[in-house]
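**Q** Quick one: this structure, given as C-alpha cells, is what I'll be asking you about.
The values are calculated or read from the model by the stated rules, or taken from the named source; none is laboratory data. Predicted model, so just to flag it, every value in this text is computed and none were measured. Please note: Cβ atoms are built from the backbone with ideal geometry, for glycine as well, and neighbour counts cover all protein chains shown. When the accessible area is computed, the model is the full protein with side chains, heavy atoms only, and any ligands, DNA or RNA have been set aside. Shrake-Rupley method; radii C 1.70, N 1.55, O 1.52, S 1.80 Å.
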Amino acid sequence: MEDKNFQELMEDSNIVPIITINPGTPGAEKAFNFDKVSIEKSEDTFSIDYRISNIDVIGVSPGEKYIITWSRNNGLLAVWPINQDSTKLSHTFSIKTKFNETVLKKTDKIYVSVSEDGEYVTISKITIIGGENTESVNMDSFDSPILDNEYSSITSFDIYSTNLNNSKHTRINSLEVTGPLIFVRNSHLMCFAKDEIYLISTNSWKIINKINFSQLIQNAPSYSSDSNAFIIDIYDILINSLRYGYMVWPEDNNGLSVWDIDGKLKQWFYTGSKESSHTLHAISHTGSLVARFQKETNAHGVKTKGTLSLYHIPTALAIFDIQVSDSTFYISFLSKSEQIVVCSLKDNVINTQIWDCWSGMLAYEETCPHLNTEKPFLLINENYIQVTEDNELEVYSLYKELNTFDTEKLHKSQEWVTVGKNLKLSCATEQYLDRSLCWGYIHDTERDVLVSKFLVEPWQESEDYMFAKWLDDEGKRFLIAGRDSIQIYFTKTKGVHNRYLRLELQYMWTVPLTQDAVINSLSFGKYKLPGEENIEKNTLQIQLSNNFNVTLILPDENELTSYKIISDACISVHYLCLQFPLDCDYFNRLAIRRQLKKLIWENIQICPSAFNKISLGDDKYIYPIEDFINLGWDDIVRIVLENNQYIPLFHNDKQTESALSLLVELQKSELVNIFMEYLIRHLRERNNLVKKGTTQSSLKIRQPGYAWTIGISLLDLFKFYPDKGLYLMKESSYFTTSLEAPVRILHTNLGDPYQVEERSVHGELSAVTHKAKLPRSVEQKAKQYFENLVVKIGVYFGIFEEKDLSSSPKYKNYAEYSQQLNKKDKLSWKESSGERERIRKKRLGTVQKTHPAKLCVVPWPDFCVFPSPLKENRGHFSKFWDNYVSPEISPFANVALNGSSEMFSEVSMEAIIKFKWDKFARVRYLSSCVTWFTFAILFCLTISIPDTLVPDSNKSNMNIHIFILVAIASFIYLIEELRQMNGRWKYYFYSPFNWVDLASYSLPLATAILVVLVKKEPPHWLKCFSILMVWTRSLIQLRAFAGPGKFIAIVFEITYKIRALFFVLAFLVMGFANAMFVLLRETDPYDLVPQYEGNITNSTSGDVIGSIFLTEIPQSSTNNWVRFDWSILATYSFLGIGWDSISQFNPSLPLAIMMFLFSAIAVVLLLNVLIGLISDVFNGSLQIARQKYLRQKAEIIAEIELFRLSSSQRSNIEWFPHLVYYEAHVDSINDWRQKLDQEEQGQVDVDFVRKELKVVKDELQSDFKGLKGTLKKIISKSGLEKVLEEVEEDESF
C-alpha cells in the first residue's frame, strides 16, 4: 500500500509517474500488468522547489550527459545535466518519490537511472532477503524458493518523465521484476524479471526483446535459491557496465563473462582460483577491455594484497596483473584512452592512480584531499563529480592543477648564456642536404671555441628564433623548443682533453597529433609535490596557437626512465615518421633519429611492456612496433620480442593491419621468422591453473589470443613464405586445450579432464557446438514445454519410467561433475550385486562405443568472424551495397576464395570447414542443389522432347511458360555471379568452376530469350551447348561431397598440371596445319574425287557399242586443306591416326615427309609423354585430392557466407565464433605428433653432420700422433726400445 504522505504529496503537486509499482503481499498475483497510463501534469509541476539534502545515491546516464541523484531522508530524485565548462552543476528536474527513510528498511537497496536523452528517470527498490544482517523471511508464505516466488513483495519501482509536454501512453505486460530498471543506449530500458531480461523501447514503450538469463543466475558466485543477496553485487556491476552497452557478469568457478544487451557472448575469461573477499569490475567505453580488482585473502581469511587484473575482450588475453592498494574502492576506465583510474585510501585521503593498460606502468598519481570519502562521486571523462557538503554537485579535474612558483615566461631568441659556466647556446639557419634548417650552437665563451653543433628541428623549414633555457647553472642540461617540439639534452664532454661537448637526448615532446597547431608561448616554473615539501619539480606550461594548453612535468636530472619519457619518445618517433612518409632514408641520416633510438633502446630492458599500444587521447592510438618496422629498426623489434612482453594487436579499426602483416608485405624474412617463433612459443605455453582445494596445478590453459593477427596475414604468408605458412598450419593442428569455458557455453560430450575421462563417440573430427547467446524467453519456454510433453507421453505409453521425468542434471563445471560422479559410484555399492553387475555391463557397453578423445581448438581468434559494419551514418543504398553486393570479407572467406590448396593440408582448416558445414552451410547448399537440379531437369526435358520450341501463333504451348521460368532463374543466377565478380575480378576468372557457371547460366538465358521474346527457334548449336553446359554444371554441383568432389578435383588438377604439354601439342597442330594448308590447297578438287570409266554394250548381242566416263562432283569438304580452319581440324584428326583427309591425294615425297614427322613427333613422342605425365600427375593428385576437395568445399562455404547470408546472420556468433573447437581421437593426435617428430629429425643436415664427424676424426688422429711421439721419447729415455718396436709392429696400435 502506498504511503499516505506520498499520496498527499502527489495530489498536491499533480505529479503522476508514468509507471508505478507498489509492494504487494505474499501470495498476490505473480505478474505486474501495466495498462495504458497517461501523464497528467500541469504547468506548475516543476515549480515546486524541493530542497536537496543528504544525497546518498548517484548515477549517470548512457552517453554520460546527465546525472541522477537520490536523497534517502526525503526521497528526492533529481536530474543534473553535465556541463563540462562549469565547476558546479545545477539540477533541471526534481521530484519527491515515495522512497524515503520513513518507509525504507535497512535491508532495502535503492537504484536510480536516467535515460540517454534525460527524458525519463527511474527509481527501484530491492529488499535483500537471506543475506547477512538481514531480517528473516517467513518462507511459509512462499510456494517455493525465493527465486521462484513473489518478487512483488520485495521489489517496486517508479518511472517518471522529465518532459512537461510528454503525453505518450505506455503498455508493458506481464513483468515479474526482481532487479533494478536500468536505462541503456539507443532509448532502451532494461528490466530484470524472474528468469528473464526485458528490453523495452522508451520511444514506443513496447517490449522489443526477451532474454532468458536463468543459467547466468545459477552460475553467479555464492548462488542461493533461498536468498537474493548474491545478485545484489551483480546488479552493482551491471548498473555501471550497462551504460556502455555491455553486461559484465562474474561467474562461479573463477569465471568472468561479458555479454551485450542482446544476450550475445562477447568473451569468457578464467580469472584464477585465488580466494577474494571483495571484487570490483569495470569495462572500457569501447568494450575492448575489462578490469577486475580483488582483495586476496589467505587460508585464514586475512587480506594479503590487492590485485588489478586487466583482460582484452577480443583476444581473451590476460594482459597484466598489477599490484595496487588493498584499500581500493573504485575503478573506472578513462573515456578517451585505454587507461584505468584506481582510487584507494591513503591516510584517510583518496589517492588517485592512473595505470596504462597496455604497459602495466603507472602513468599518473595524485592525492585528492578535496574529495570527500563519505560522499558519493563519479568519474566522467577526465573529471570527478562529487557531492559536496552543501548537497551540490561539483566538478573537479582528474589532473590536479599545479600550484607553480618562480614562473618564468620564455621568449624566442638566438642566444642563451649559462649563469655559472661560460657556455652560450645560440641558433642560426644553414643549408643541409639541400634544405634550409635551423642549427644549434654551443660556444665556450671563455676559450671562444665552438664545442657542439646540432640540428634543432630538421623536419621544419628554417627558423631563426627558438625557445631555450639552461636547466642548471653548470650547463649540464638545457631545454630547446621550436615550432612543434620540446627537447631536453644532457651535455657531456668528449674528445682530447674533453674539449668538446656531446649531446644526449633525455626527453622529447611533440605537439599532439590531434591538435593542428604550433607552439605559441612557453612558461617555465616549479612546484612541490604534495606531502614532499623538499622535492621540487620543473614544469613547462605550453600554449598552442589554437589556445590549447598543456602542462608538462619535466624529468629531473637523475630521472632516466618513466612511462612519460618512453611514451613521449615513441610518440615523437611516430610524429617524425609522418613528417617523412616517403623519405625514411633522409630521416635515418639525422642525429635526432639516433638520439631517439638510443633513448628507446636504453629503456627496453627496464620497461619492456611499453611498446604495445600508446594512447594519444581522443580515442587515438599509436603502435610503436609499426614505426620501428617502417624505420628499419630491426634490432629494436628483435629485442622487444626477446623480452617476451609484446602483445600482437591490430593497428586499425578494420583489423586489416598488424605487425605481422607489415613484416610479410615488406618481406623482412628474418623478422618474420622471429615473429612466427614468438607467436608459436606463446601458443605452446600454458598458464598453470590450480584447482580449488588442491595445491598442485591440475589444469593448464593455453591462450590462443596471441595468434589474433595471424588470420588476416595467412594468405600473404603463404604467398611470400609458403614454408613458414605450412609450419604455422602444422603447429596449429591438433592444438589440444582444456575446457576453460563452462559446458553451457561450449557443448561437448567429453568427460572430466581432471580424471582423464575424455571419451567421444566420433571416430573423426567432430565440431564442438557453441552456445554463445542467451536463449530468447519464448523459445526457451516452448522448448521446455515440448520436452516435457514428449516425456509425459512416453510415460503414459510406458516408453519411459516415471523417474525419467526429470532430465539428467546439467553441471556448471567439471569439478561439480566429478563430485557428483564419485557420489553416484559410492551409492551404487549399496545396491545389490545383480544391480551392480547390470550397471557394470552398461558402462562397459558405453565405453566400447566410444574412444579416448581430446578437446582441440584452432588457435586463430576471429579467423571466421566478419568485420563489424561501419558506424558512420550512411545512406540506405550504401548500406544495401555494403551488406548484399560487396560485403566485407572474413579472413576465412579470403583464404577460401583466394588461397592455394596447400593451405588446406592440415587438420585445422578441416575442423573449421566441418564446423561451418554442420552449422549452416549444409542446409543451404542442399537447398541450392534441389533448386538447380529442378531447373536443369525442366530445361533439358523442354528442349529435348519437342521438335520445335516456338509454337504457331494460333497454338498455345506450355514451353513458353517453362522458358519464362528458365529466363528468370538464369537471370537470378547471373546476378549472383556478378556479385561474386565484384571486387575480385582477377581471382574470379582463375577458377574454372566460374567459367562453367557463366556458360550454364548465359546459354539457357539466351535460349529462353529467343523463344520468349524474339519468338524465334534457337539454333541447334545453341541448344546443344546449352544442354551440355547444364549437365556439366550439374556434375560440378556435386563437388561439395567427398566422393565425387575428390575426383572432380583430380580432373581439374591433372588438366592444370599438363597445361604446358597441351600448349606444345596445340602449337604443333597449328604448325603442321599451316604447312599442310600451303602444300595441298592448290590441288584440283577433281583430282581427289573418284572417277568411273566403262563400256556400253548391247544387251542383245553383247557387243561393245561405246564407252562412258563418269566423275563425282566435288563437294566443299572434298579438299579439307583449302581453308586454314579446316586444316586445323584435319590435322587434329591425325592424333587418332586418322589419315582419311589425305588418303585421296597422290603420294608425294613432301606429303610422306610431313606424315612421318607428325607421326614421330606428335603421335609417338608427345602422346606417350602425355600418357606418362598423366599417370604421374594422377598418382600425385591422389595424395593431394583431399586438399583440393577441402578447398572446393571451403570456397562453396565462403560463397554461401558472402552472398546467401544477411548481415545479421553473418554476425551470429554461434555460426561465426571467436574460436573453433573440435574433438579429436587420441590416436590421431599421437600419430600427428610422431609425424612432426620424424619431420624434425629428417630435417637434420646429413652433409653437415658428416663434415663435423670428419673434423672430429682428424682432431683425434692429430692428438693420437702427438701422444705417440711423446710416448716414443719416454720409452727411448727408459731404454725400452724393444718394447717400442713391438708396439710399432702391432697393427692394432
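**Q** Select from the stretch 380-400 the residues that are touching a residue at least 12 places away in the same chain (Cβ under 8 Å) and either of a type in the set (A, V, I, L, M) or open to solvent by 70 Å² or more (accessible area, probe 1.4 Å) (or both) and list them in ascending order.
**A** 380, 382, 385, 387, 389, 392, 393, 395, 398, 399, 400 - these are the residues of the stretch 380-400 that are touching a residue at least 12 places away in the same chain (Cβ under 8 Å) and either of a type in the set (A, V, I, L, M) or open to solvent by 70 Å² or more (accessible area, probe 1.4 Å) (or both).
**Q** Looking only at the stretch 624-668, count every residue that is hydroxyl-bearing (Ser, Thr, Tyr) and open to solvent by 20 Å² or more (accessible area, probe 1.4 Å) and tell me the total.
**A** Within the stretch 624-668, residues that are hydroxyl-bearing (Ser, Thr, Tyr) and open to solvent by 20 Å² or more (accessible area, probe 1.4 Å) number 1.
**Q** For the stretch 1071-1115, which positions are open to solvent by 60 Å² or more (accessible area, probe 1.4 Å), free of Cβ contacts under 8 Å to residues at least 60 places away in the same chain and part of a helix (DSSP H, G or I)?
**A** Those that are open to solvent by 60 Å² or more (accessible area, probe 1.4 Å), free of Cβ contacts under 8 Å to residues at least 60 places away in the same chain and part of a helix (DSSP H, G or I): 1074, 1078, 1086, 1087.
**Q** Sticking with this one: Return the residues of the stretch 452-506 that are aliphatic (A, V, I, L, M), outside any strand (DSSP E or B) and in contact with a Leu (Cβ under 9 Å, 6 or more places away or on another chain); say none if nothing qualifies.
**A** Listed by number, the residues that qualify are 456, 471.
This table checks each residue for (1) of a type in the set (Lys, Arg); (2) at pLDDT below 90; (3) more than 18 Å from residue 766 (Cα to Cα); (4) open to solvent by less than 10 Å² (accessible area, probe 1.4 Å).
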{"residue": "1198", "(1), (2), (3), (4)": "no, no, yes, yes"}
{"residue": "1207", "(1), (2), (3), (4)": "no, yes, yes, no"}
{"residue": "1212", "(1), (2), (3), (4)": "no, yes, yes, no"}
{"residue": "1218", "(1), (2), (3), (4)": "no, yes, no, no"}
{"residue": "1225", "(1), (2), (3), (4)": "no, yes, no, no"}
{"residue": "1233", "(1), (2), (3), (4)": "yes, yes, yes, no"}
{"residue": "1238", "(1), (2), (3), (4)": "no, yes, yes, no"}
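**Q** Restricting attention to the stretch 933-956, does a residue exist that is charged (D, E, K, R), assigned to a helix (DSSP H, G or I) and free of Cβ contacts under 8 Å to residues at least 60 places away in the same chain? Full working, then the answer.
**A** Residues of the stretch 933-956 charged (D, E, K, R): 947, 952, 955.
Now drop any that are not assigned to a helix (DSSP H, G or I), which leaves none.
Checked against the condition, which is being charged (D, E, K, R), assigned to a helix (DSSP H, G or I) and free of Cβ contacts under 8 Å to residues at least 60 places away in the same chain, the stretch 933-956 yields no hits at all.
**Q** Would you tally the residues in the stretch 509-536 being open to solvent by 20 Å² or more (accessible area, probe 1.4 Å), modelled with pLDDT of 85 or more and more than 20 Å from residue 484 (Cβ to Cβ)?
**A** Qualifying residue count, the stretch 509-536: 1.
**Q** Name the pairs: first residue in the stretch 1205-1217 and in contact (Cβ under 8 Å) with a residue 24 or more places away in the chain and closer than 17 Å to residue 925 by Cβ, second residue open to solvent by 50 Å² or more (accessible area, probe 1.4 Å) and among the charged types (D, E, K, R), Cβ to Cβ under 7 Å, at least 6 apart or on different chains?
**A** So the pair list comes out as 1215/919.
**Q** Output the qualifying pairs, or none if there are none: Cβ atoms under 7 angstrom, residues six or more apart or on different chains, first residue in the stretch 537-566 and touching a residue at least 60 places away in the same chain (Cβ under 8 Å), second residue polar (S, T, N, Q) and in a loop (DSSP other than H, G, I, E, B).
**A** That search, which allows pairs on different chains as well, returns 539/404; 555/562; 563/359.
**Q** Working only within the stretch 344-358, note down all residues that are open to solvent by less than 30 Å² (accessible area, probe 1.4 Å) and either charged (D, E, K, R) or more than 32 Å from the chain's Cα centre (by Cα) (or both).
**A** 344, 350, 351, 352, 356
**Q** Follow-up. What are the residues in the stretch 1011-1036 that are free of Cβ contacts under 8 Å to residues at least 24 places away in the same chain and open to solvent by less than 40 Å² (accessible area, probe 1.4 Å), if any?
**A** Listed by number, the list holds a single entry, 1022.
**Q** Output the residues belonging to the stretch 329-342 that are closer than 16 Å to residue 386 by Cβ and either under 32 Å from the mean Cα position of the chain (by Cα) or of a type in the set (Asp, Glu) (or both).
**A** 330, 332, 341
**Q** While we're here: Determine whether the stretch 359-379 contains at least one residue that is more than 26 Å from residue 234 (Cβ to Cβ), touching a Lys or Arg at 6+ places or on another chain (Cβ under 6 Å) and surrounded by 22 or more Cβ atoms within 10 Å (Cβ to Cβ).
**A** no
**Q** Give me the residue from the stretch 577-623 that is free of Cβ contacts under 8 Å to residues at least 24 places away in the same chain and assigned to a helix (DSSP H, G or I) and, out of that set, most open to solvent (accessible area, probe 1.4 Å).
**A** The residue in question is 594.
**Q** Here's another thing I want to ask about it. Just name the residue that is modelled with the highest pLDDT out of those in the stretch 688-723 that are within 15 Å of residue 736 (Cβ to Cβ) and open to solvent by 30 Å² or more (accessible area, probe 1.4 Å).
**A** Of everything passing the filter in the stretch 688-723, 703 is modelled with the highest pLDDT.
**Q** I would also like to ask the following. Against the conditions (1) of a type outside the set (Asp, Glu); (2) at pLDDT 90 or above; (3) open to solvent by 70 Å² or more (accessible area, probe 1.4 Å); (4) within 20 Å of residue 655 (Cα to Cα), where does residue 895 fall short? Just the number, please.
**A** Unmet for residue 895, out of (1) of a type outside the set (Asp, Glu); (2) at pLDDT 90 or above; (3) open to solvent by 70 Å² or more (accessible area, probe 1.4 Å); (4) within 20 Å of residue 655 (Cα to Cα): (3).
**Q** Additional query: Could you list all residues from the stretch 980-1001 that are open to solvent by less than 50 Å² (accessible area, probe 1.4 Å) and either of a type in the set (Ser, Thr, Tyr) or in a helix (DSSP H, G or I) (or both)?
**A** Once the filter is applied, which keeps residues that are open to solvent by less than 50 Å² (accessible area, probe 1.4 Å) and either of a type in the set (Ser, Thr, Tyr) or in a helix (DSSP H, G or I) (or both), the stretch 980-1001 yields 980, 981, 988, 991, 993, 994, 996, 997, 998, 999, 1000, 1001.
**Q** Here are some residues: 194, 206. Which one is basic (Lys, Arg), at pLDDT below 80 and closer than 22 Å to residue 776 by Cβ? Lay out the reasoning, then the answer.
**A** Details: 206 fails: at pLDDT below 80.
Just a single option satisfies the conditions, and that option is 194.
**Q** Is at least one residue of the stretch 1048-1061 open to solvent by 70 Å² or more (accessible area, probe 1.4 Å), farther than 21 Å from residue 1134 by Cα, charged (D, E, K, R) and modelled with pLDDT under 85?
**A** Checked against the condition, which is being open to solvent by 70 Å² or more (accessible area, probe 1.4 Å), farther than 21 Å from residue 1134 by Cα, charged (D, E, K, R) and modelled with pLDDT under 85, the stretch 1048-1061 yields at least one hit.
Residues checked against (1) out of contact with any helix residue (DSSP H, G or I) (no Cβ under 9 Å at 6 or more places or on another chain); (2) assigned to a helix (DSSP H, G or I); (3) surrounded by 12 or more Cβ atoms within 10 Å (Cβ to Cβ):
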position	(1), (2), (3)
1121	no, no, yes
1150	no, yes, no
1193	no, yes, yes
1201	no, yes, yes
